[in-house]
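To start, the structure under review is shown below, and the notes come after it.
Just so you know, all these numbers are worked out from the coordinates, no wet-lab data involved. Computed from a predicted model, the values in this text were never measured in an experiment. Positions of Cβ are backbone-derived with ideal geometry, glycine not excepted, and every protein chain shown enters the neighbour counts.
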Amino acid sequence: MPDVLVLGRIHTAGIDRLRGASCTVRELPDHPADLTRHAAAADAIIVRMTRLDAAAIDAAPGLRIVARHGVGYEAVDVDALTARGIPLALVGDVNSGAVAEHTLALMLGLAKRLTAYDRATRQGDFAVRDSFSARELSGKAVLVVGFGRIGRAVARLCACFGMSVIAADPFVDASTVEAAGYTHVSDFRAALDRADYVTIHVPKAPGADYLIGAPEIAALKPEAAVLNLSRGGIVDESALREALLAGRLRGAALDVFEDEPPGPDNPLFALDSVIVSPHCAAFTEECARRMALACADNVLAAFEDRLDPSLVVNREVLR
């Protein structure tokens, strides 16, 4: 029976599909101790957040596929997999809707000051409503950084709320963006001074500098807000906090952090102008089920030499 090692909790639908196909499934939490020992017997690895390095990959002589429970793969050593001829498969477009909804939830939370108003009301401060500090999304400009599947879904939802959408993506033609009714810029920095909200939906390159650092934050309007639902390390959290404390930025919403999980002493957590969530934008019940099933299907497809090349990062190993 093929051995499938699952690193991190996934929906039981995926586990059941693998076991129904006569696979042995071993489930471990994210970041298990002695990963190389656990990997040794694996024919397949499904990975959520665990760093899968060359040592763990080389410790598994029978490894035939790594299936990523998501679409980002910066924590996986792709070169080590490619050197062994092992494909890295992603789940495809199963999470864009969930992440887009979470983006709008955080954006609305910032605009309506939901967390601050909730806390004040519970503490008996009903007069907080007289601060008139909530805002409307309608008529505001949103800068969507990254016009891939998630960015496009976010843009559609923002447009439904009456927002004007500026889409920044150097890899997408202006005609594609403009055909959808949005404004295109190839470099997001050119539109920072126009944005009321900046929402980030791009991958993080290993070793890359902050995409949103102190210079980019300084270019924003004081009433603007920044949302990061992509990867930690894309936004400079120290520069973000400094701007919020100085009143040079209205708010921020983070689903991802430079260090994950973040410690309870993260300085951003003390600010009413910040809303946070635990890297969970895609973890609805529905999306978790889709991702788990996609991972299971990728594993089974690899065992049967019918893996969809469009889902494989290192497609050269399929030749």
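When the Gaussian network model of the chain links Cα atoms closer than 10 Å, the mean-square fluctuations of 64, 231, 135 top out at 135. Bridgeable lysines around residue 112 (alpha carbons under 22 Å apart, same-chain partners fewer than 8 residues away excluded): 140, 221. Computed from Cα atoms, the angle from the helix 285-303 axis to the main principal axis of the chain rounds to 30 degrees.
What per residue convex hull volume, in Å³, do the alpha-carbon atoms of the stretch 96-276 yield? Each step should come with its number before you reach the end.
On the way: hull volume 21.3 nm³, N = 181.
Taking the convex hull of the Cα positions in the stretch 96-276, it is 118 Å³ per residue.
Taking 0.36 nm per residue of separation and subtracting the current Cα-Cα distance, fully stretching the chain between residue 159 and residue 24 would add 43.9 nm. Of interest is the spacing of the C-alpha centroids, which for the stretch 202-245 and the stretch 151-185 amounts to 21 Å. A Förster radius of 30 Å, combined with the Cβ-Cβ distance separating residue 308 from residue 9, puts the computed FRET efficiency at roughly 0.75.
Please give the charge dipole size of the chain, origin at the Cα centre, charges +1 on K and R Cβ atoms and -1 on D and E Cβ atoms. Round to the nearest 20 debye.
On the way: 33 positive and 42 negative charges, 125 e Å.
Computed about the Cα centre, the dipole is about 600 debye.
For the stretch 261-272, the Karplus equation 6.51 cos²θ - 1.76 cosθ + 1.60, evaluated at θ = phi - 60°, returns couplings of x, x, x, x, 8, 3, x, 5, 5, 7, 9, 5 Hz by residue, with Gly and Pro reported as x. A crude spin-label estimate for the pair residue 280 and residue 179, with each label 7 Å from Cα along the Cβ direction, gives 3.8 nm.
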